[in-house]
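The values are calculated or read from the model by the stated rules, or taken from the named source; none is laboratory data. Keep in mind it's a predicted model, so treat the numbers as computed, not measured. Counting neighbours? That spans all protein chains shown, and the Cβs are built from the backbone with ideal geometry, glycine included. Each accessible area value is taken on the protein alone, full model and side chains, heavy atoms only, with ligands, DNA and RNA left out. Shrake-Rupley method; radii C 1.70, N 1.55, O 1.52, S 1.80 Å.
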Amino acid sequence: MRKLWGGAFAEGSDALVDRFGQSIETDLRFWREDVLGSIAHARMLGETGILSLEEASHLVRGLETILSEGPQRLPRDVEDVHTAVEMRLGELEGEVAAKLHTARSRNDQVATDTRLVLRVRFDGLLGGVKRLQETLLAQGRRHKGALMPGCTHQQHAQPITLGYHLLAHFWALQRQGWRLENVVRVANYCPLGSAALAGTGFPIDRHATSQALGFTAPIPSALDATSDRSYVLDALHVCASLMLDLSRMAQELVVWSGPEFGFVRLADAVTTGSSIMPQKRNPDMAELVRGRAGRALGNWTAFAATMKALPLGYNRDTQDDKPGLFESIDLARDSLALVHLMVEGAEWQTRRMREACKGDFSTATDLADALAAGGMPFRQAHEVVGRAVRACIERGWTLDRLDAERLAIVAPEAPPEVLEALKAERSVRARESFGGTGPRAFGTQFRRAGLLLRREGFHEPY
Ligand code: ARG
């Protein structure tokens, strides 16, 4: 294995050491960022007179060639991508390549690369979040009148609509989009030029390289800049958090597509069959999204454990931030796309949802509310309705099908006008408080969601 160091060593390292220590396989995923960082560094070396302008322009020319030829030409028998790029540069530009590493270290380089690649990959995630939000909103509009049971404790609580339900997921994604953006905001500071841990005696211009790479500013302490990985933890955490939300949606699709619910039929494109049972339509993709949320969570905890108690200054432990980071980002990206596919192609069984609202006593609160609105203290109304529910169950009656005569039997305190309040449609329409299910409240929520969706970026959690 070819290395950038070795002068002080009499013998080469053990083959196992090379294998155990290499990061080239993972590093290739940010070869471009590594080259971009080097271009900014080389230009700055020329501008500050640390290298001659001619030397700098040779370096830049060679690095730009590497950018255009792509990673295929980079050597693989090396420790890491920094070595690979420098060696390829040597092949292209000759001896001057050995000057590129003036006033820099792999410690500041790798931290710079990681922050740059995070920015790019998170941009992709933000797009995925927007796309899923868009689908949820479109489906929410289409099904804003489709009654379904709303649950607490997984028990029918109060009727809602499918549209209302889908929009709740929209907000979960809005928050995650906002969090993703914030992670990028915090990560977008530049370590380049920190060198190994303590800066350099060369008159470098860290502000210039920071600006050239699109960072907000250089990080004030070289020691902090080379030691910190909290932005990786932030990124792993937000990926895990997003995956948890997606796993909750996935769980819903798994359960709803089963016969007990029968609330949704997933499209063929996202459904798989069984090798033995020909009738099966399995929601495997939803199950995998649900399951792999565990991996994203694991990546966060694994790297948090790695970071715990690490002393200041670069430690090789932190090399292992990247495999988990890439895995979590890939998982989040693919899961967003899969949930998008599942929701977009879902055949919602709205008749079945409406049926499920029948006879479930989920308008009991509306009856109590009606009595309370008529002046009865709510606590008393609650009691009256509780007794009425029990009386109905004993007689095999349901609230939504009571007539005046039966109402007088089960709840003699209630005037017949309250019968209206017992219909599920009416119940949904009646809740006009901000954030409620009523058509005006829903309209307000829907318009706010649409406004946020059309804006570039996320800006606000709500
Ligand atoms: N592969 C290393 C990493 O990802 C690059 C930095 C190596 N620095 C060092 N001093 N060995 O962290």
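Would it be correct to say that V35 is surrounded by 18 or more Cβ atoms within 10 Å (Cβ to Cβ), within 40 Å of the chain's Cα centre (by Cα) and without any contact (Cβ under 8 Å) to a residue 24 or more places away in the chain?
No, not satisfied.
Give L223, L233 a once-over and let me know the one that is at pLDDT 95 or above and open to solvent by 40 Å² or more (accessible area, probe 1.4 Å).
Unique residue meeting the criteria: L223.
Can you run down the residue pairs with Cβ atoms below 9 Å, 6 or more apart or on separate chains, where the first is in segment 256-269 and over 9 Å from M342 (Cβ atoms) and assigned to a loop (DSSP other than H, G, I, E, B) and the partner is of a type in the set (D, E) and at pLDDT 95 or above?
Correct list of pairs: F263/E252.
Name every residue in segment 71-83 that is within 15 Å of the ligand (Cβ to nearest atom), more than 16 Å from H41 (Cβ to Cβ) and either among the aromatic types (F, W, Y) or open to solvent by less than 40 Å² (accessible area, probe 1.4 Å) (or both), in order of residue number.
Applying the first criterion (within 15 Å of the ligand (Cβ to nearest atom)) to segment 71-83 yields 74, 76, 78-83.
Next cut, more than 16 Å from H41 (Cβ to Cβ) only: 74, 76, 78-80.
Within segment 71-83, L74, V78, E79, D80 meet the criteria.
When both residues are 6+ apart or on different chains and their Cβ atoms are under 8 Å apart, which pairs have a first residue that lies in segment 106-118 and is of a type in the set (A, V, I, L, M, F, W, C), and a second that is near the ligand (Cβ under 8 Å from one of its atoms)?
Short answer, once both residue conditions are applied: V110/D80; V110/H82; V110/Q319.
Could we say that T200 is within 16 Å of the ligand (Cβ to nearest atom) and closer than 17 Å to R229 by Cα here?
Judged against the criteria, T200 is not a match.
With the checklist (1) within 23 Å of P191 (Cβ to Cβ); (2) more than 10 Å from the ligand (Cβ to nearest atom) in hand, flag the one item T26 doesn't pass.
If we test T26 against (1) within 23 Å of P191 (Cβ to Cβ); (2) more than 10 Å from the ligand (Cβ to nearest atom), just (2) comes out false.
Would you please name the residue that is most open to solvent (accessible area, probe 1.4 Å), looking only at residues in segment 311-320 that are assigned to a loop (DSSP other than H, G, I, E, B) and either closer than 15 Å to T114 by Cβ or within 12 Å of the ligand (Cβ to nearest atom) (or both)?
Within segment 311-320, the subset assigned to a loop (DSSP other than H, G, I, E, B) is 311-315.
Then keep just the ones that are either closer than 15 Å to T114 by Cβ or within 12 Å of the ligand (Cβ to nearest atom) (or both); that gives 313-315.
Details: G313: 10, Y314: 71, N315: 34 Å².
Of everything passing the filter in segment 311-320, Y314 is most open to solvent (accessible area, probe 1.4 Å).
Pick out the one residue from S68, S57 that is more than 19 Å from D113 (Cα to Cα), part of a helix (DSSP H, G or I), away from the ligand (no atom under 13 Å from the Cβ) and at pLDDT 95 or above. Steps first, please.
Working: S68 fails: more than 19 Å from D113 (Cα to Cα).
Of the residues listed, the single one that is more than 19 Å from D113 (Cα to Cα), part of a helix (DSSP H, G or I), away from the ligand (no atom under 13 Å from the Cβ) and at pLDDT 95 or above is S57.
Before we move on, is E11 modelled with pLDDT of 95 or more and either within 13 Å of the ligand (Cβ to nearest atom) or open to solvent by 10 Å² or more (accessible area, probe 1.4 Å) (or both)? Quick ask: steps written out before the conclusion?
Values: modelled with pLDDT of 95 or more: no; either within 13 Å of the ligand (Cβ to nearest atom) or open to solvent by 10 Å² or more (accessible area, probe 1.4 Å) (or both): yes.
Taking the combined requirement at face value, the residue does not satisfy it.
Could you grab me the full set of residues in segment 124-168 that are open to solvent by 30 Å² or more (accessible area, probe 1.4 Å), within 18 Å of the chain's Cα centre (by Cα) and touching a residue at least 40 places away in the same chain (Cβ under 8 Å)?
Once the filter is applied, which keeps residues that are open to solvent by 30 Å² or more (accessible area, probe 1.4 Å), within 18 Å of the chain's Cα centre (by Cα) and touching a residue at least 40 places away in the same chain (Cβ under 8 Å), segment 124-168 yields G124, K130, R131, E134.
Conditions first: (1) open to solvent by 30 Å² or more (accessible area, probe 1.4 Å); (2) over 18 Å from the mean Cα position of the chain (by Cα). Q251 passes all but one, so which condition is the exception?
(2)
Look at segment 85-111 and say how many of its residues are open to solvent by less than 40 Å² (accessible area, probe 1.4 Å), within 15 Å of L51 (Cα to Cα), basic (K, R) and more than 16 Å from the ligand (Cβ to nearest atom).
Looking only at that region, the number is 0.
Considering only residues that are among the β-branched types (V, I, T) and assigned to a helix (DSSP H, G or I), look in segment 343-364 and name the one that is least open to solvent (accessible area, probe 1.4 Å).
Per the criteria, the residue is V343.
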